[in-house]
Amino acid sequence: MAVTLTVTDMAMDDVSVKARSRGGEAVILPLFAWLSPSYPVGCYAYSHTLEWAVEAGDVSDEATLTAWLTDLLTLGLGRNDAILLSHAYKAAEEGDGAALEAANELALALSPSSELYLETSQQGRSFLDATLAAWSSPRLSPLDGDVAYPVAIGMAAAAHDIPLPITAQAYLFGLVQTLVSAAIRLAPIGQTAGIRVCAALSGAVRDVARDAMALTLDDVSGATFRADLGSFHHENQYTRLFRS
């Protein structure tokens, strides 16, 4: 995930408080590495049903891509990932292994298809393994078995004292950029249009990230039924560039 960080006033206040409380500046540089396209998680291989949406004609230009991603961000994947990331962060911060396991189990169970399960679990495991090897911390749990991607990001950010508001925004904006990159490769839009889509969704990213921090795991829900069904259709799509 390539990422550009945008911080709301609320997030900046939180960053300042945490930085002062620790007697130094908040360290956010790891996020630039973790959410970079060069980080070995394989995000370039997944489109989260966008490839099927292009094939079906649901996404055919800049406007329809913006609408599709807005729904994913606010009604399904994005909102849920932000909630799960937030709970994983808080559990890791408090050293609550049971809460961390519960958040991870729910995150994995939410995957509506085998492809989307692979998308989150493969990226989560790859991220956690790479981060343990290169950005190790005694507070970062290795977690056995499958790990959902937002859970892995939340754990790592907490272990390295990266403020939650920035982490959530960076993760969601990185998700947007990854899917826009997939759309460019699928050819319904060009690079300039892709930049405009990212800019158009930046406000929704901030809102979803902010709201998720006040929500509980009981608030996890989804209303992106066509995208979920599309993940099953994608499994049988004749030609494919992506694994989901």
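The values are calculated or read from the model by the stated rules, or taken from the named source; none is laboratory data. These numbers come from a predicted model, not from an experiment. All Cβ positions, glycine included, derive from the backbone under ideal geometry; neighbour counts span all protein chains shown.
One line per residue, one yes/no per condition, for (1) closer than 16 Å to residue 209 by Cα; (2) of a type in the set (Gly, Ala, Ser); (3) more than 13 Å from the chain's Cα centre (by Cα):
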residue	(1), (2), (3)
124	no, yes, no
134	no, yes, yes
145	no, yes, yes
175	yes, no, no
Q) Which condition does residue 150 not pass, out of (1) of a type outside the set (Phe, Trp, Tyr); (2) buried (at least 22 other Cβ atoms within 10 Å of the Cβ); (3) out of contact with any Ser or Thr (no Cβ under 9 Å at 6 or more places or on another chain); (4) within 19 Å of residue 71 (Cβ to Cβ), if it passes all the others? A) (3)
Q. Can you spot a residue in region 12-22 that is closer than 30 Å to residue 223 by Cβ, out of contact with any strand residue (DSSP E or B) (no Cβ under 6 Å at 6 or more places or on another chain) and either at pLDDT below 50 or of a type outside the set (S, T, N, Q) (or both)?
A. yes
(Q) Can you pull out every residue in region 140-162 that is in a loop (DSSP other than H, G, I, E, B) and small (Gly, Ala, Ser)? (A) 141, 145, 148
Q | Index of the failed condition, residue 244 passing every other in (1) in a loop (DSSP other than H, G, I, E, B); (2) out of contact with any Leu (no Cβ under 8 Å at 6 or more places or on another chain); (3) buried (at least 16 other Cβ atoms within 10 Å of the Cβ) | A | (2)
Q: Working carefully through the options 84, 69, find the one that is buried (at least 19 other Cβ atoms within 10 Å of the Cβ) and over 27 Å from residue 137 (Cβ atoms).
A: 69
(Q) Residue pairs, Cβ under 7 Å, 6 or more apart or interchain, first in region 93-118 and closer than 23 Å to residue 232 by Cα and at pLDDT 95 or above, second surrounded by fewer than 19 Cβ atoms within 10 Å (Cβ to Cβ) and basic (Lys, Arg). List them. (A) 115/243; 118/243
Q: Kindly list the number of the only condition in (1) at pLDDT 95 or above; (2) within 19 Å of residue 198 (Cβ to Cβ); (3) touching a helix residue (DSSP H, G or I) at 6+ places or on another chain (Cβ under 8 Å) that fails for residue 64.
A: (3)
Q | region 35-48, residues that are buried (at least 22 other Cβ atoms within 10 Å of the Cβ) and closer than 16 Å to residue 122 by Cβ | A | 41, 43, 46, 47, 48
Q) Has region 163-184 got at least one residue that is in a helix (DSSP H, G or I), of a type in the set (S, T, N, Q) and within 19 Å of residue 104 (Cβ to Cβ)? A) yes
Q | Near pairs, Cβ below 8 angstrom, 6+ apart or cross-chain, from region 138-164 (modelled with pLDDT of 95 or more) to any residue that is crowded, with 24+ Cβ neighbours inside 10 Å and among the charged types (D, E, K, R) | A | 149/81; 149/119; 150/81
(Q) Can you pull out every residue in region 204-239 that is loosely packed, with under 15 Cβ neighbours inside 10 Å and part of a loop (DSSP other than H, G, I, E, B)? (A) 214, 216, 221, 223, 236, 237, 238, 239
